[in-house]
Amino acid sequence: MSPPAARRASMALLLSAGALGCKPSADRPAEAPWVWDLPPGFPAPLVPADNPMSAAKVALGRMLFYDKRLSADESLSCATCHQQALAFSDGRTTPVGLEGDAHPRNAPTLANVVYAPRLNWADPGTKALEAQMEGPLFGHGAPIVEMGLVDEPRREAALARLLADARYREAFARAFPDTATYTFVHVGKALASFERTLVSGMSAWDRYRAGDDAALGPAERRGMYITRDHVGGALCHHCHDGFNLSGPVKHVDAPFDEVVFANIGLYNVGGTGAYPEGNQGLYEHTKNLSDRGKFRTPTLRNIAVTGPYMHDGSVATLEDVLTVYVEGGRVIEAGPYAGDGRKNPHKSAGLSGTPLSAEQRQDVLAFLGALTDEAFLVDARFSNPHPEDPHFGE
Ligand code: HEC
Ligand code: HEC
């Protein structure tokens, strides 16, 4: 959701870092140009012209990402809900903000978020990481208060907390050498730069794709073919497609703005085609009935570590995910959301169910397991930079 203009304007809130003792750094030597360190075959990412990549911005963004001082009561960091060991998801059905409210949606992985043409589960308006983070940082309660910097005094206090720390005065000066006055615009640019480096592409499947035939065992290979099979197969790749096994991606070789949302038949509340109130996907933004239950197709990379699954975390395991696809939707027998999702009138084409034997299901699960990039989950470049300091953490 695009934040109101007023909230955007308040992002330009100025806090004089000079008053907090920051020294301009005009005499600092210029940094070497940024070079992407991408997995084999990955396309070069697109980066906004007003926020070019730099190692200094990435370093500052990494500190900010892990710093609880960035939330109003210093209890939550971005990493609370986006944990590296879980490919930057959080293992919960849905996360909880600092006022104790549960978010209606599951915290998604941030792996390869640099390639996403749209952000969030079903948000046609948010394209840039710089804009996305206004939700968790500043959000007033739509859908919930997350990090609680809901007004200018709280934002000013958070910036002052950071700039009271000499490590930040140094890091901001390096990242933004042309100014000595720092605002949330700088915080946003640095956080976005760090997020853009969270590229994951060294799974067993990637090694196989790069020519190492032994990287996938027989079951994993059979599972891979099942997910692409046109003869009675599952056609998963119609939606989870390309190098990211996701919906459309955007990069230097594909700069166009392609966006697709799909309904996989998880709900059909009362047989009306509805999804639970407040979580109806694209419909919440367009109010077109046919958009009920439509969500972005997430990446299948690292899927074995990012459960529970789906926009609301309502599918516990990958076995259960497969049951949804085998049945062509989910039947909920009782309770407020009872209904036969298989018959949801807005369900996307190609999801009429796919008969898989028990062995074929095991093969698909083996393939999904081969999509975990173990190196990404422990890569020191993405980890908490100050684990010894209690301000930093998950
Ligand atoms: C309280 C938990 C929580 C916190 C804290 C949090 N997030 Fe999130 N994040 C979520 C949830 C839930 C979503 C999905 C929101 C939606 O779809 O409506 C999300 C979505 C995202 C996305 C979109 C990913 C995609 O592929 O669409 C990005 C990027 C992101 N968060 C970055 C951040 C950053 C940066 C911070 C810190 C400033 C942060 N998050 C703090 C829970 C959290
Ligand atoms: C018509 C497009 C489409 C097809 C075909 C499709 N998916 Fe999906 N998939 C989606 C969408 C959209 C979501 C998110 C749905 C939601 O949250 O309501 C999703 C979610 C998932 C998730 C959970 C991801 C997460 O991060 O929570 C998994 C796992 C998954 N699909 C695997 C598969 C497999 C395996 C197949 C083939 C059997 C398949 N999908 C076929 C569109 C599709």
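Numbers below:
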| read-out | value |
| --- | --- |
| Scope segment 312-339; condition under 24 Å from residue 96 (Cβ atoms) and charged (D, E, K, R); matching residues | 312, 320 |
| Where residue 159 falls short, out of the listed (1) more than 29 Å from residue 35 (Cα to Cα); (2) modelled with pLDDT under 95; (3) of a type in the set (A, V, I, L, M, F, W, C) | (2) |
| From the options 355, 298, residue that is within 14 Å of ligand 2 (Cβ to nearest atom), outside any helix (DSSP H, G or I) and buried (at least 20 other Cβ atoms within 10 Å of the Cβ) | 298 |
| Entirely in segment 74-147, the helices (runs of 4 or more DSSP H) that have 3 or more residues that are under 12 Å from the mean Cα position of the chain (by Cα) | 78-81 |
| Number of positions in segment 275-306 that are acidic (Asp, Glu) and either within 19 Å of residue 258 (Cα to Cα) or within 11 Å of ligand 1 (Cβ to nearest atom) (or both) | 2 |
| Filter result for the condition that a residue is more than 24 Å from residue 282 (Cβ to Cβ) and among the acidic types (Asp, Glu), over 130, 134, 170, 146 | 170 |
| Test: residue 319 is modelled with pLDDT of 95 or more, of a type in the set (Asp, Glu), farther than 23 Å from residue 120 by Cα and not assigned by TED's automatic domain parsing to the domain that holds residue 168 | yes |
| Where a residue in segment 89-110 is more than 10 Å from residue 144 (Cα to Cα) and modelled with pLDDT of 95 or more and its partner, wherever it lies, is aromatic (Phe, Trp, Tyr) and within 12 Å of ligand 2 (Cβ to nearest atom), with Cβ under 6 Å and at least six apart | 105/121; 109/88; 110/88 |
| Search result, residues across segment 320-360 that are charged (D, E, K, R) and more than 17 Å from residue 261 (Cβ to Cβ) | 320, 327, 330, 333, 340, 342, 343, 359 |
| Some residue of segment 105-113 being among the small types (Gly, Ala, Ser) and either touching a helix residue (DSSP H, G or I) at 6+ places or on another chain (Cβ under 6 Å) or within 10 Å of ligand 1 (Cβ to nearest atom) (or both) | yes |
| Residue match in segment 376-392 (condition: within 16 Å of ligand 1 (Cβ to nearest atom), touching a Pro at 6+ places or on another chain (Cβ under 8 Å) and not in a helix (DSSP H, G or I)) | yes |
| The one condition in (1) within 16 Å of ligand 1 (Cβ to nearest atom); (2) loosely packed, with under 15 Cβ neighbours inside 10 Å; (3) under 15 Å from residue 41 (Cα atoms) that residue 251 fails to fulfil | (2) |
| Selected residue (only one of 341, 293 is surrounded by 14 or more Cβ atoms within 10 Å (Cβ to Cβ), on the phi > 0 side of the Ramachandran plot and not basic (Lys, Arg)) | 293 |
| In segment 212-259, residue modelled with the lowest pLDDT [restricted to those that are near ligand 2 (Cβ under 8 Å from one of its atoms) and assigned to a loop (DSSP other than H, G, I, E, B)] | 234 |
| Any hit, segment 227-246, residues being on the phi > 0 side of the Ramachandran plot, away from ligand 1 (no atom under 16 Å from the Cβ) and free of Cβ contacts under 8 Å to residues at least 40 places away in the same chain | no |
| Residue ID - nearest to residue 366 (Cα to Cα), chosen from residues in segment 311-323 that are within 8 Å of ligand 2 (Cβ to nearest atom) and in contact with a strand residue (DSSP E or B) (Cβ under 8 Å, 6 or more places away or on another chain) | 318 |
| Filter pass, residue 265 being loosely packed, with under 12 Cβ neighbours inside 10 Å, part of a loop (DSSP other than H, G, I, E, B) and in contact (Cβ under 8 Å) with a residue 40 or more places away in the chain | no |
| Selection status of residue 120, surrounded by fewer than 19 Cβ atoms within 10 Å (Cβ to Cβ), within 16 Å of ligand 2 (Cβ to nearest atom) and closer than 21 Å to residue 285 by Cβ | yes |
| Matching residues in segment 72-89 - criterion: being within 12 Å of ligand 2 (Cβ to nearest atom) and either buried (at least 22 other Cβ atoms within 10 Å of the Cβ) or β-branched (Val, Ile, Thr) (or both) | 87, 88, 89 |
| Set 313, 273, 335: member being at positive phi and free of Cβ contacts under 8 Å to residues at least 24 places away in the same chain | 335 |
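The values are calculated or read from the model by the stated rules, or taken from the named source; none is laboratory data. Please read these numbers as outputs of a predicted model, since none were measured by experiment. Here the Cβ is made from the backbone with ideal geometry for all residues, glycine too, and neighbour counts use every protein chain on show.
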